[in-house]
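A short write-up of the structure that comes next.
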Amino acid sequence: MKILQTIAFLLIASFVSAQEIPTNESGKAEYTNGSDIAGLTTKQLYDRGIAWINKYYTNPNGVMKTQDAEGGKIVGRARYKLSRVENKGHVNPNAGFVSYQITLQFKDGKYRYFIDAIRWEKPSYYDVSQWADSTQNNYNKEEYTSYIEQTIKYFDELTESLESYMKVGEAEKKDDW
């Protein structure tokens, strides 16, 4: 049984190690993308961005820090919880939080987003890209590989949700009484 667990761990570790958190030119974790959406004004795209935030986050008012409809910009701060697999496969859901800043910008017919300042909440700034640095003190490959996997999954889901919502908006509700 231990051999099967070891093989499974090695397969997962090799898959995850191939995945990387995207970084900017300074080596800090960052997700960025944008898209053209013909026929929509800055205001319409801004409203769609606000609607997505209200739908995606459980506390949208706590997330949004800047709402500039005239400038076509929304800035928010959010975080998510990490979990850690401990002894005997027990999952500890309290491995800390990862916080980040999300910026949405809008112009007629296009939008873009930046997700940056992605950091593991520690007493000092700890960019999540550091989880891939095996030369650091107290490096824990198993733990950090899991954190990388959780972070990639979280931001893949977030960006997919944002991008698909910005393309089509809210589905029309049919009045089928």
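The values are calculated or read from the model by the stated rules, or taken from the named source; none is laboratory data. Only a predicted model underlies this, so the values are computations on that prediction, with no experimental measurement involved. Note that we place each Cβ from the backbone using ideal geometry, even for glycine, and neighbour counts take in every protein chain shown.
Can you run down the residue pairs with Cβ atoms below 7 Å, 6 or more apart or on separate chains, where the first is in the range 25-44 and more than 23 Å from Gln67 (Cβ to Cβ) and the partner is modelled with pLDDT under 95 and of a type in the set (D, E, K, R)?
Within 7 Å, the pairs are Lys28/Asp127; Ala29/Asp127.
One line per residue, one yes/no per condition, for (1) closer than 22 Å to Glu163 by Cα; (2) surrounded by 14 or more Cβ atoms within 10 Å (Cβ to Cβ):
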| site | (1), (2) |
| --- | --- |
| Ala51 | yes, yes |
| Gly71 | yes, no |
| Gly89 | no, no |
| Asn92 | no, no |
| Gly109 | yes, yes |
| Lys122 | no, no |
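Condition first: over 15 Å from Arg84 (Cβ atoms) and not polar (S, T, N, Q). Can you find one or more residues in the range 129-138 that meet it?
yes
Residue check: is Phe97 buried (at least 16 other Cβ atoms within 10 Å of the Cβ) and of a type in the set (Phe, Trp, Tyr)?
In short, no.
Do you know which of the residues in the range 130-177 that are of a type in the set (Lys, Arg) and in a helix (DSSP H, G or I) is modelled with the lowest pLDDT?
Among residues in the range 130-177 that are of a type in the set (Lys, Arg) and in a helix (DSSP H, G or I), the one modelled with the lowest pLDDT is Lys141.
If you take the residues in the range 65-93 that are under 30 Å from Lys110 (Cβ atoms) and outside any strand (DSSP E or B), which one is farthest from the chain's Cα centre (by Cα)?
Glu70
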